[in-house]
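A short reminder: the numbers here are calculations on the coordinates, not readings from a lab. Predicted, not measured: the structure shown is a model, and the values here were computed from it. Here the Cβ positions follow ideal geometry from the backbone for every residue, glycine too, while neighbour counts run over all protein chains shown.
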Protein chains: 2
Amino acid sequence: MPAPMDALQKVDDNLEAGLTRLFALLRIPSISTQTSHAKDCRAAAEWLKAELSSLGFATTIHETPGHPIVVARREGPAGAPHVLFYGHYDVQPVDPVSLWKSDPFDPQLVTNPDGTKEIRARGAADDKGQVMTFVEACRALIESNGELPVGVTIVIEGEEESGGENLLPFLKAHSEELKADLALICDTGMLDAKTPAITTMLRGMVGEEVTIIAADRDLHSGMFGNAARNPIQVLCDIISALRDGATGRITLNGFYDGVPELPDSVREQWREIGPTDEDSLGAVGLRWPAGEQGYSALEQTWCRPSCEINGISGGYEEDGFKTVLPARAMAKISFRLVGEQDPEAIRASFRAHVRARVPSDCTVEFKPHGGSRASVVPSDMLQLASALTALTEEWGTQATVIGCGGSIPVVGEVKEALGLDTLLIGFGLDDDRIHSPNEKYSLTSFHKGTRSWVRVLMALAQ
Amino acid sequence: MPAPMDALQKVDDNLEAGLTRLFALLRIPSISTQTSHAKDCRAAAEWLKAELSSLGFATTIHETPGHPIVVARREGPAGAPHVLFYGHYDVQPVDPVSLWKSDPFDPQLVTNPDGTKEIRARGAADDKGQVMTFVEACRALIESNGELPVGVTIVIEGEEESGGENLLPFLKAHSEELKADLALICDTGMLDAKTPAITTMLRGMVGEEVTIIAADRDLHSGMFGNAARNPIQVLCDIISALRDGATGRITLNGFYDGVPELPDSVREQWREIGPTDEDSLGAVGLRWPAGEQGYSALEQTWCRPSCEINGISGGYEEDGFKTVLPARAMAKISFRLVGEQDPEAIRASFRAHVRARVPSDCTVEFKPHGGSRASVVPSDMLQLASALTALTEEWGTQATVIGCGGSIPVVGEVKEALGLDTLLIGFGLDDDRIHSPNEKYSLTSFHKGTRSWVRVLMALAQ
């Protein structure tokens, strides 16, 4: 296996042509939630099929009940590991269009006042630009070395932005042909513009909608106030009791079972490099972390479980006043999970917490929503170390492992269907405005992202 | 002054003609909230003016910025007291019309399976039927005796159902010509179909809309959950702390200042005659009083102060789930007041309670709503005893004093503008469906109600 220098040079040489290819993909308005764009989703799949076929991948378009899935496979040298790369070609809607500085599907290379350049288009960062860093890396490796250092299967779906239910059944149905040693996903971000990162902790989630029902009709609060049970009061009591006000800890029985403490080494690294509480909360008008005492805002969102009230509703909510004593009140509550927390155990514990607080002449209804475990890459995983080294070499700054407060369901689905661990390596930045007007992807993310994948794939071959 | 027998006989003789007169008034669709019915409101005022003029009242229609107010005055014998009667000619809207068994403005005299009769029409009970009991009583007294036993001023307004702001300024501007010794209102109910009642306790009210604001935008609960303050959680903590879960008492500082204990005699009477907890709560699908321990549901609504959450709103409330961590959450909260509780002191205490619980990087906004003291007729008031005796004689069942959980603002306005105490004497029943389709007024309420006023006016002359 030759040194990567040839392939890295090839990336640099190909940059302009690579941008042209990315722009062609960005021009396809593949908005998956809007049925009027179904043909555009198919066009994006066809474009990727042609592109990957031209690089010598055996490429198929798989039909699903929704948008098609592109699968492309190219073998590596005998005995080399095989990796499964996942990405998505669909994009978010573009409303409100009036806030865009240019047509969201007419990609622009914009030069900022500080001289940096960025690609502006819907999907530039999420996820077409990130997908193409991997494809362009494969091109550079193939063009410079004649082959890939590892076997590569690329799966690119079209329903990531529309909560598509079709990926997991597809993975399960094709688990034999999708066999690999490791999964790679390029749909996350760097710590900051200089510091590459691998996301090793993703929180799981379990959601519940809970409705408290008291009287069999709305009542007049003058006629019944005091004597008739108020379901909003009951709901507020239940919610208030979920969190210990003094410590910020969630009070559900067994809630912290399976929650690991952050290794000191990682905690110290985060405190050194990560944003301070002032940085992360100050950006949204807040100052002090609200959750568990003794943890920074970063730690609270990256590696601690949480409980959030996502919505609440009851009685009269419009302008003015109505002295109604409502018959029901509803809340949507979600828990973000870490480590080995069991979503169904937590759902059961939550329901027990509620039932213990529902007065005997009220009833309660639950509607479950979601239920996924946290994903954690073991910090001693060999490929993690290799990939971190490769990233550090490319960026000249020590690569770091980070957490992500959100959930990326595909990580769990890949694990469930294929038994694979995933390395989440991405080059997005916090200000990429994904899902918002004027989405962008930094030219540096695209260029050095492509170079990073060359190095990572070479490193994984070792 | 002759015995009332002549006048009572006259009421009986006039019943059919009186019904005809009431039906004429009920045919006028004087819905005050709908501007398209403004001319009908004026027609109702004109009808009353003609009716009262024909009875020898000096009658005027006073213009207001809204619907007109009818004022009619007829002097009593020299040295007799003068009473001010208040009623309203406007009615509630009739939607949904499809649920009415007959046209709401085509009054019907309906015979029930048990042989009792009722008047079905919008306004039959609230308040045209009740108003006409008083007018017909005046007619019978005048026709039989040639004069009224007391001086009478009748004020009938047209904005009671539309929260009209014009009555209080009118009362203040005309306080000289409206001078009287006592106010009478016929807009309340009996204890039950057999037991006449005078409502001597009306709760006051103070309302607050409170909004908690945390971050300067809605956040993703995955990215910020735990670290960023959740305003719904803050609001639930505040609401939950308003009531002591063990005792059911409101925790605001000074909340019970000025709250009188119910005299044992009244409590015993209520326990004997009043509906049980099963009766009052069972009718709406509940069983146990939710408020202060040691008080029956009746006592809790008639003579104890309360705190109700009338509405709450925040985050995502529609179908499905959205993992939003909202920027703000809002609740509408009202307190019903009794005795000498001071609405502004309670508002201040509530705001202090909230401010003490708002974390330092959240802000709070308050919107005041209403603020009226409770109205209480002293139980040793001479005219109260006379009126109770008169009612007892008419109905053959001991008349009782009752409370009312709601608020009737005109009682406070009459006290404020004219310095008058009010006797609330009405003949409505719990099943009159006021504000609802198929509103009715029992023929017995109309007939014996008219006879009751004859007796009460004679008694007040003593």
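Miscellaneous remarks
- In nanometres and ascending order, the distances from the A:Arg287 label point to those of the other copies are 5.1 (point 7 Å from Cα along Cα→Cβ).
- Kirkwood hydrodynamic radius of the stretch B:21-175, from inverse mean 1/r over distinct Cα pairs, in Å: 16.4
- Label 7 Å beyond Cα on the Cβ vector: A:Ala348 copy-to-copy distances, nm: 5.4
- For the pair B:Val97 and B:Gln462, the difference between a 0.36 nm per residue extended length and the Cα-Cα distance amounts to 126.7 nm.
- The loop-placed GluC sites (Glu not before Pro) in the stretch A:51-81, going by DSSP, that have at most 13 neighbouring Cβ atoms within 10 Å of their Cβ come out as A:Glu63.
- Mean ellipticity per residue at 222 nm, deg cm²/dmol - from DSSP H runs of n ≥ 4 across the protein assembly as shown, formula -39500 (n - 2.57): -10500 deg cm²/dmol
- Surface/4 estimate of mean projected area, convex hull on alpha-carbon atoms of the stretch A:361-462, nm²: 10.8
- Given their separation in residues at 0.36 nm each and the Cα-Cα distance between them, A:Asp114 and A:Ala356 gain 81.2 nm when the chain is fully extended.
- Dividing the mean sequence gap of close Cα pairs (under 8 Å, 6+ apart) by how many residues the stretch A:80-167 holds gives a relative contact order of 47 percent.
- Annotation: extensible slack from A:Asn253 through A:Gln293 equals 12.5 nm (criterion: 0.36 nm per residue apart, minus Cα-Cα distance).
- The modelled label-to-label distance for the pair B:Ala193/B:Ala50, using points 7 Å beyond Cα in the direction of Cβ, is 3.6 nm.
- Inter-copy separations for A:Gln108, label at 7 Å along Cα-Cβ, nm, ascending: 7.0
- Relative contact order [Cα under 8 Å, 6+ residues apart], the stretch B:252-356, whole percent: 34
- For A:Asp218, distant residues with modelled amide H under 5 Å away: A:Ala327
- Cα centroid separation - the stretch A:101-116 against the stretch B:229-258, whole Å: 53
- For B:325-336, mean number of other protein chain Cβ atoms within 10 Å: 4
- The stretch B:376-425 and the stretch A:370-416 have Cα centres spaced 76 Å apart.
- Listed peptides B:27-38, B:443-454 by packing density, highest first (mean Cβ within 10 Å): B:443-454, B:27-38
- Here the contact order of chain A, divided by its residue count and restricted to Cα pairs under 8 Å and six or more residues apart, works out to 25 percent.
- R0 of 22 Å, Cβ-Cβ distance B:Glu143-B:Ala78: FRET efficiency to nearest 0.05: 0.55
- Computed over neighbours whose Cβ is under 12 Å from that of A:Ile273, the net charge equals -1, Lys and Arg +1, Asp and Glu -1.
- When the listed pairs B:Lys194/B:Lys332; A:Lys49/A:Lys367; B:Lys367/B:Lys415; A:Lys322/B:Lys322; A:Lys332/B:Lys367 are checked against a 30 Å cut-off, the alpha-carbon distance exceeds it for B:Lys194/B:Lys332; A:Lys49/A:Lys367.
- Rg/Rh ratio calculated on Cα atoms of the protein assembly as shown (Kirkwood radius): 1.15
- Antiparallel %, DSSP beta bridges [both residues in the stretch B:28-158], to 5: 65
- Gyration tensor over alpha-carbon atoms, chain A, equivalent ellipsoid semi-axes in Å: 44, 25, 22
- Judged by a Cβ-Cβ distance under 4.7 Å, the unpaired cysteines of chain B are B:Cys41, B:Cys138, B:Cys186, B:Cys303, B:Cys307, B:Cys362, B:Cys404.
- Using alpha-carbon coordinates, inclination of helix A:5-26 to the longest axis of chain A, degrees: 60
- Principal-axis tilt of helix B:409-418 within chain B, Cα atoms, nearest 10 degrees: 70
- Kirkwood hydrodynamic radius computed over the stretch B:1-72 comes to 14.0 Å, based on all pairs of distinct alpha carbons.
- For A:Gln398, the shell of other residues with beta-carbons less than 11 Å away shows a net charge of -1, using +1 for Lys and Arg and -1 for Asp and Glu.
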